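Okay, so here's the structure we're looking at.
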Amino acid sequence: MWIAMMALSASLIFMMEMVGNRAVMPAAFFYGAAAGPTALLLAIHDRTRIGDSVPGTTLVGMFLFGGGVALLLGGYFDALLISEKDNPTILRVGWIEEAAKFVPLLAVALTGAHLTKPAGVALGLSCATGFAIMESMSYAWKSIRHDSAVEAGMVLFMRGLTTPFSHLAWTGLVCAVAFGVWQTRRRVVLTSAVTAAFAAAAVLHSLNDGLLILDLPGGVKLFFPVVAAVSYWLFHRATRDLEKATLSETAPSSA
């Protein structure tokens, strides 16, 4: 899935450069931005089957509107609280955007609907995917130089490699812990575990962006893949029980 979508994005960009047809630019950016998140969603569903825990229309709604609301809130408070992208205020980004992504999920949880861990993780990944795709498309759009989309294609390629281990992993981690607690308590409640999960996601998010954007020594920037690896490891660890539940449901009966 990742290779096919990236290849289609690259082909559309190549065609634009060859014949000058800019009408397909949004499609090229969408396929490139969606490649990594979509591939990870498929991999996670194959491992856990969490996509079956929520109606498809609800997942699509969270992708379209949850991701859009998160981008709206995140974009507003980023502009308000981060003065310049290349100064230390960028380290606020994790606290802003992780909170923004959690708002639509909290709104659903407060209704009492889908208050289970599999459903929460599925909804969280849908919201994060919508947010990540739209954010990647905006970065690609800003990187257009002299009507050439080649640099935008490189931005999409790099973000296609990194977003599955960033936005999806961070939001998935918070939802795995929060909805796991709420499923047990049968209500939305703030606990130390939920707070710790959110803080971990926010810190990792801020470190991720700081390492990418701030003017740091080259050796320090090498910690970027470490942050990505830790992010995904924490998410995978928080969702291991979902995989075990799937295996127990599909195992043949011994009777």
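The values are calculated or read from the model by the stated rules, or taken from the named source; none is laboratory data. Owing to the predicted nature of the structure, the values given are computational and were not obtained by experimental measurement. We place every Cβ from the backbone using ideal geometry, glycine too, and count neighbours over all the protein chains shown. Note: accessible area is taken over every heavy atom of the protein model, side chains too, but ligands, DNA and RNA are not part of it. Shrake-Rupley method; radii C 1.70, N 1.55, O 1.52, S 1.80 Å.
Some values worked out for this structure:
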item	result
Pairs where the first residue, in the range 204-226, is in contact (Cβ under 8 Å) with a residue 60 or more places away in the chain and under 13 Å from F165 (Cβ atoms) and the second is surrounded by 15 or more Cβ atoms within 10 Å (Cβ to Cβ) and among the polar types (S, T, N, Q), C-beta under 8 Å, 6+ apart	L204/S231; H205/S166; N208/S166; N208/S231
Count of residues meeting criterion [open to solvent by 50 Å² or more (accessible area, probe 1.4 Å), of a type in the set (A, V, I, L, M) and touching a residue at least 60 places away in the same chain (Cβ under 8 Å)] in the range 80-136	4
Count of residues meeting criterion [farther than 18 Å from G130 by Cβ, of a type outside the set (F, W, Y) and either modelled with pLDDT of 90 or more or in a helix (DSSP H, G or I) (or both)] in the range 10-42	14
Given (1) open to solvent by 10 Å² or more (accessible area, probe 1.4 Å); (2) within 19 Å of A107 (Cα to Cα), index of the condition C175 fails	(1)
Scope the range 181-204; condition in contact with an Asp or Glu (Cβ under 8 Å, 6 or more places away or on another chain) and open to solvent by less than 30 Å² (accessible area, probe 1.4 Å); matching residues	A201, A202
